[in-house]
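The values are calculated or read from the model by the stated rules, or taken from the named source; none is laboratory data. All of these numbers come straight from a predicted model, not from anything done at the bench. Reconstructed Cβ throughout: ideal geometry from the backbone, glycine too, with neighbour counts over all protein chains shown.
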Amino acid sequence: MKIGVFGGGQLGRMMALAGYPFNLRFSFYDAAVDCPSAPLGQLFGDKHASPESLDAFIASADVFTYEFENIPVAWVEHIAAQKPVYPSVKSLAISQNRLNEKKLFSQLNIPAAAYHEIHCADDLAQAASLLGLPLVIKTTMGGYDGKGQFVLRHMNEVSQAWAELGKAVPLIAEAFVTFQRELSIIAVRSQTGETRCYPLAWNTHHQGILSHSIVPAPQVSAATQVQAEQYITQILHELNHVGVLTLELFDTQSGLYANETAPRVHNSGHWSIEGAVSSQFENHMRAVAGLPLGSTEAIRPSAMINIIGQHPDTSAILAIPETHLHLYGKSERVGRKLGHITITAETYEALQTRIAEVAACLPNKMAL
Ligand SMILES: Nc1ncnc2c1ncn2[C@@H]1O[C@H](COP(=O)(O)OP(=O)(O)OP(=O)(O)O)[C@@H](O)[C@H]1O
Ligand SMILES: [Mg+2]
C-alpha cells in the first residue's frame, strides 16, 4: 500500500520510518526538494501548488494523510472525492482554525479559555472589558511555535497588537489562563472506531517553542489521566477522526483546560518511538492503513528533548546511555527544530540525571 502524505517535514519522515516495516511505501507533497521526508519516498509539489502537481500526487498513492494542518481544505476535499483521506476533512477544517476549535470544546463541554472574536481594533477593547487583561490575541489560522500571537497586558498596547496582527483578521482574543504546567494527550482512532490514548506528557516551552517533554507526566493523578482521555475521546468520536490526534492542555488549579488540538502526530509524542510499545507514528500508520492499533502503553519514564537551531556533537550524545538521537536532515537556523533526543530510564530520578548530561552537550541551552 502506498501512503500519500501532505507535507514533507520531520513528521512525515518519522511516519515513513514507522511504516516501512509494514511494507508501506510513501509519496509526499512538499515544494522543498530537500525536505526531511524526501529520502523516504516520491516527492511531488511545486511552489505554485499547480493543479497538475496535485493530480500527479493523487495518482501516486492509495490512501492519504497529512503531517501538517495548514493545507487548504479544498485540496483535501478534492482528494477525498477520489481516494480515502485520513483524518477526515472535518478534522482538518476544525483543527486548523482556532475559532472552530473553541466552538467544538464548548459544544462538548470541555473547559477552555473564554474567548472573543476580533474583527477590528475596537473589538479588542470590548474583549478586554469582557475577559479582562492580560489577553492572548492569536491569529485563527496558520500559527505555530507561538507565532501569530500577542499578549496584551495594558490597553496602551492595543495599537501595537493591531499593527502586528490586524492584517490577519478574524483574530481570537483569549482570556489568560493561569496554569501550573502544560500537558498534552495524544490518542489514536482506528477506521473501526477503536481508540487508544497515550499517557499525558508534561511539556516545557522555551521562547515559544517546545523545549522538552517528560512522559508519563509525573505527579498526575489517575483521575486527571482519565479526564484527559475522556476529553480527547469525545473529540475523536465527534470528528469521526481516523489516525492520531493531539490535545494540548493547561493544568490549572480548577482542573484541565483545553488549549488546542492538532489533527496529527505531535512533537510532544516523539518520546513514544522508544518509550511506548507502539509509537504515535506507527499507530498513525496502522490507523491510516486500516490495520489493528498497537499498544499505547509507556514502557518506562521517557524524556524528549528538542534540538533547536544548532546541532550537538553526535558522538557526545550517543555516548550517554539509554539515549537515542533523531536528526531530521535539516540545516541550522535560529529557532529551527533540527532533531530530538529521547532518553528512557528506570526511574524519574535517573531520567533527570541523564537529562542533565544531555543538556551539557547541547550548544543551544534551553530551559532544561
Ligand atoms: N489563553 C492562554 N493563556 C495563557 N497562556 C497561553 C494561552 N494561550 C496560549 N498560551 C501560551 O502560549 C503557548 C502557545 O500557544 P498555542 O499553543 O495556542 O500556539 P501555537 O503557536 O500553536 O503553539 P505550538 O505550535 O507550539 O503548539 C502555549 O503553549 C502557552 O504557553
Ligand atoms: Mg500549542
Q.
Quick check on the stretch 126-135: of everything there that is out of contact with any Leu (no Cβ under 8 Å at 6 or more places or on another chain) and not small (Gly, Ala, Ser), which residue is nearest to ALA161 (Cα to Cα)?
A. GLN126
Q) Within the stretch 310-321, is even one residue in contact (Cβ under 8 Å) with a residue 24 or more places away in the chain, more than 16 Å from ligand 1 (Cβ to nearest atom), out of contact with any helix residue (DSSP H, G or I) (no Cβ under 9 Å at 6 or more places or on another chain) and farther than 30 Å from PHE176 by Cα? A) yes
Q: Specify the residue that is farthest from ligand 1 (Cβ to nearest atom); the eligible residues are those in the stretch 190-216 that are in a loop (DSSP other than H, G, I, E, B) and crowded, with 22+ Cβ neighbours inside 10 Å.
A: PRO199
Q.
Taking the conditions exactly as written (surrounded by 14 or more Cβ atoms within 10 Å (Cβ to Cβ), not assigned by TED's automatic domain parsing to the domain that holds LEU338 and not hydroxyl-bearing (Ser, Thr, Tyr)), does ALA74 satisfy them or not?
A. no
**Q.** In the stretch 256-279, the residues that are within 16 Å of ligand 2 (Cβ to nearest atom), assigned to a helix (DSSP H, G or I) and touching a helix residue (DSSP H, G or I) at 6+ places or on another chain (Cβ under 7 Å)
**A.** GLY269
Q.
Against the definition (more than 13 Å from ligand 1 (Cβ to nearest atom), modelled with pLDDT under 95 and either touching a strand residue (DSSP E or B) at 6+ places or on another chain (Cβ under 7 Å) or of a type in the set (A, V, I, L, M) (or both)), how does ALA187 come out, yes or no?
A. no
Q | Matching residues in the stretch 129-146 - criterion: being surrounded by 15 or more Cβ atoms within 10 Å (Cβ to Cβ), within 13 Å of ligand 2 (Cβ to nearest atom) and part of a loop (DSSP other than H, G, I, E, B) | A | GLY143, ASP145
Q: Take the residues in the stretch 174-189 that are within 15 Å of ligand 2 (Cβ to nearest atom) and assigned to a strand (DSSP E or B), then tell me which one is surrounded by the most Cβ atoms within 10 Å (Cβ to Cβ).
A: ILE186
Q: Could you pull out the residue among LEU200, LEU236, LEU210 that is farther than 18 Å from PRO111 by Cα, touching a Ser or Thr at 6+ places or on another chain (Cβ under 8 Å) and not assigned by TED's automatic domain parsing to the domain that holds GLY8?
A: LEU210
Q) Of all the strands (runs of 3 or more DSSP E) wholly in the stretch 1-94, which have at least 1 residues that are within 21 Å of GLY142 (Cβ to Cβ)? A) 2-6, 25-29, 63-66
**Q.** Matching residues, the stretch 34-59, being surrounded by 18 or more Cβ atoms within 10 Å (Cβ to Cβ) and hydroxyl-bearing (Ser, Thr, Tyr)
**A.** SER37
Q) Taking the stated definitions as given, is ALA223 more than 21 Å from ILE273 (Cβ to Cβ), of a type in the set (A, V, I, L, M) and free of Cβ contacts under 8 Å to residues at least 24 places away in the same chain? A) yes
Q: Scan (1) of a type outside the set (A, V, I, L, M); (2) touching a His at 6+ places or on another chain (Cβ under 9 Å); (3) surrounded by fewer than 16 Cβ atoms within 10 Å (Cβ to Cβ) for the single condition ASP122 breaks and write down its number.
A: (2)
(Q) I need a count of the residues in the stretch 226-250 that are of a type outside the set (A, V, I, L, M, F, W, C), within 16 Å of ligand 2 (Cβ to nearest atom) and either under 14 Å from ALA201 (Cα atoms) or part of a strand (DSSP E or B) (or both). (A) 2
Q | Filter result for GLU157 (free of Cβ contacts under 8 Å to residues at least 24 places away in the same chain, in contact with a strand residue (DSSP E or B) (Cβ under 6 Å, 6 or more places away or on another chain) and more than 16 Å from ligand 2 (Cβ to nearest atom)) | A | no
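To keep it simple, each residue is scored yes or no on (1) surrounded by 24 or more Cβ atoms within 10 Å (Cβ to Cβ); (2) within 16 Å of ligand 1 (Cβ to nearest atom); (3) of a type outside the set (Ser, Thr, Tyr); (4) in the same structural domain as PRO21 (by TED's automatic domain parsing).
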position: ALA223; (1), (2), (3), (4): no, no, yes, no
position: HIS241; (1), (2), (3), (4): yes, no, yes, no
position: PHE250; (1), (2), (3), (4): no, yes, yes, no
position: ASN267; (1), (2), (3), (4): no, yes, yes, no
position: GLU274; (1), (2), (3), (4): no, no, yes, no
position: PHE281; (1), (2), (3), (4): yes, no, yes, no
